[in-house]
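The structure appears right after this line, and notes come after that.
The values are calculated or read from the model by the stated rules, or taken from the named source; none is laboratory data. Predicted model only: the values in this text are computed from it and were never measured. Methodologically, a virtual Cβ is constructed for each residue, glycine included, from the backbone with ideal geometry; neighbour enumeration extends over all protein chains shown. Only protein heavy atoms, including side chains, enter the accessible area calculation; ligands, DNA and RNA are left aside. Shrake-Rupley method; radii C 1.70, N 1.55, O 1.52, S 1.80 Å.
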Amino acid sequence: MSRRGLVIALLCGVLGVGLGAIVAYAAQPHTSYSDDTHPMSALSPSVPIDEPTVRPPAPDIDFPALSPDLGLPPPELSIGNELATWTYHIPADWQAYAVCGAVGECPPPMATDDRLTARQLVEQPEVRFRPPGEPTVGGYSLRVKILDNPLALNPGQMVANKIVGFRQAYDDFRELHKTPPTVSSPSAVYFTYRDENDHLRYNFFQWFSAPGSSTATLEMSVAGRKRDVPGLKALFNRFADNVIGSTDPYRPPKQQKKQKPASASSSPSA
């Protein structure tokens, strides 16, 4: 065989081996892959994907709605500490209940939601008022609290702190509105949240500084259900219009002792 024929034969052999390898490789099953990082879509996923759902709140208690036509008649009530004295009004016939938060606010055996006597009322740093016959959970109320405020926070700072605290503590928190004395420093905030009893609550807070002071020393709030909102707004505004504060140290008013009826004389008259 000539040299040229030998070279042609060798080339044909090499090409034949290469084509055979290609055919064998193509005949084998292969796993597909992608060097992209996006997820691969499944034609028939074996596990169904559930969309997150929001559970509805618990039903509100069955109690008449707060009327927006409530008045705030006398007598005046008072609350205070060494920083300030405040006088305020509440709706007629509403009853006072203890609010026992920090240690020392309620002397034993008093507990939260105990009815307060007239003497206890003027000595408590925090009081909640409700209408007669209303359950202690789930209805509407007015609450007042005197503040020691060691950091001398102004009402706007109290608003910011309250929003942060409720947002962290409760589910479904939603801020509704802020009311200012000035745009940069609101004194009040309206919001909703879901409480520990799974009720959707509407809560309006406001803070007050006595004339001549920027330190917030009085906190008030109204709370209730959605059906109570018109009445809550009216009560909230009327309280703010009637409350009066001063930087005079507070001295609880003395309770007048009931006079004993005079006994009839046993001796005959002259």
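Table for the structure above
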| quantity | calculated |
| --- | --- |
| Failed criterion for K162 (all others in (1) assigned to a loop (DSSP other than H, G, I, E, B); (2) surrounded by fewer than 19 Cβ atoms within 10 Å (Cβ to Cβ) hold) | (1) |
| Among the residues listed as P150, P132, P155, the single one being closer than 25 Å to N81 by Cα and over 21 Å from the mean Cα position of the chain (by Cα) | P150 |
| Pairs with Cβ under 6 Å, 6+ apart, first in the range 62-76 and within 13 Å of R238 (Cα to Cα) and touching a residue at least 12 places away in the same chain (Cβ under 8 Å), second open to solvent by less than 100 Å² (accessible area, probe 1.4 Å) and part of a loop (DSSP other than H, G, I, E, B) | L70/P91; L72/H89; P73/A92 |
| Tally, over the range 139-155, of residues that are surrounded by 19 or more Cβ atoms within 10 Å (Cβ to Cβ) and of a type in the set (G, A, S) | 2 |
| Residue match in the range 118-128 (condition: over 27 Å from P230 (Cα atoms), among the basic types (K, R) and surrounded by fewer than 18 Cβ atoms within 10 Å (Cβ to Cβ)) | yes |
| Out of F204, F191, sole residue that is under 21 Å from S67 (Cβ atoms), open to solvent by less than 30 Å² (accessible area, probe 1.4 Å), not in a loop (DSSP other than H, G, I, E, B) and not hydroxyl-bearing (S, T, Y) | F204 |
